[in-house]
Every structure is written in structure tokens, then in C-alpha cells.
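Written below as C-alpha cells is the structure these notes are about.
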Amino acid sequence: MKDKDKITVIVNACKDKKGFDIKILDISKLTPITDYFVLVSGNSTIQVESIADEVEDKMYEAGYEPLGKEGKESSRWILIDYGDVIVHVFHREDREFYALEKLWADGVEIPLDPIL
């Protein structure tokens, strides 16, 4: 499964840079824009940027290039679009404020254990 491969690379990259509160939401039945969101938090803008850079590096090594990226200039919420998987790297405070998990509450949270 190509999505599982992408998600595995992304989650491992996030863990490598000490990203926390990693969640995978299956939103494929809710929207045509993507199938999965991967959400991860960092404690500082430096950590947020470091997590995003690691995700991009590891995905590139695995043969995946992003379709787009937003938020690098502020490093408070960086979005990296891989088509069927969109990565949201948040500063802890911004994640609490925007509460994507609540906005997409009808999505199905995928446990990390089977993926890793």
C-alpha cells in the first residue's frame, strides 16, 4: 500500500526529530482533497522547521516529492502536501488553537502501532 509506505516514512521522520502527539487521520470519506492527514507537534519554531525538513528529506530519499509546501516562513504551522497524504507540522500552541482534530472529528484516527 503506497499510502502506508508514505505514512511510515513521515511518522518515522517526525519521531527522529522528537515530534510529539503524532496523529494520523483517515479523511478519505470526508473530502476529495486528500486521504490522510498526519499531524505532529513541536515545542519551538526551530523544532517545527527541523521536523518539516526531516520529513521532506526522508520522503525525497524514499522517492516522494511534495506537491506543495506552506508556512516555512513563520515555522508555526508547516503544511507539506504529498497528494494523498498531507503533513501538518504545528507549533504546540498553534495546534491547540486551530484544533484540526476537532474540525475533522468525523475522520478515523489510525493507530500508529500497525503502521510502524
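Numbers at a glance
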{"quantity": "One residue from Lys58, Lys72 being assigned to a loop (DSSP other than H, G, I, E, B), of a type in the set (Lys, Arg) and in contact (Cβ under 8 Å) with a residue 12 or more places away in the chain", "calculated": "Lys72"}
{"quantity": "Complete set of residues in the stretch 8-32 that are in a helix (DSSP H, G or I) and over 18 Å from Leu79 (Cβ atoms)", "calculated": "Thr8, Asn12, Lys15, Asp16"}
{"quantity": "Hits in the stretch 33-49 - residues which are open to solvent by less than 40 Å² (accessible area, probe 1.4 Å) and outside any loop (DSSP other than H, G, I, E, B)", "calculated": "Tyr36, Phe37, Val38, Leu39, Val40, Ser41, Gly42, Gln47, Val48"}
{"quantity": "Residues within the stretch 21-32 that are open to solvent by less than 40 Å² (accessible area, probe 1.4 Å) and either hydrophobic (A, V, I, L, M, F, W, C) or under 10 Å from Phe90 (Cα atoms) (or both), tallied", "calculated": "4"}
{"quantity": "Every residue from the stretch 81-103 that is closer than 22 Å to Thr8 by Cα, part of a helix (DSSP H, G or I) and of a type in the set (A, V, I, L, M, F, W, C)", "calculated": "Leu100"}
{"quantity": "Filter pass, Asp106 being in contact (Cβ under 8 Å) with a residue 60 or more places away in the chain, open to solvent by 70 Å² or more (accessible area, probe 1.4 Å) and not in a strand (DSSP E or B)", "calculated": "yes"}
{"quantity": "Members of the stretch 73-94 found to be at negative phi, over 12 Å from the mean Cα position of the chain (by Cα) and open to solvent by less than 40 Å² (accessible area, probe 1.4 Å), listed by number", "calculated": "His91, Asp94"}
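The values are calculated or read from the model by the stated rules, or taken from the named source; none is laboratory data. A quick note: this is a predicted structure, and the numbers were derived from the prediction, not measured. For neighbour counting, all protein chains shown are included, and Cβ atoms are generated from backbone atoms with ideal geometry for every residue, glycine included. For accessibility, only protein heavy atoms count, side chains too; no ligands or nucleic acids. Shrake-Rupley method; radii C 1.70, N 1.55, O 1.52, S 1.80 Å.
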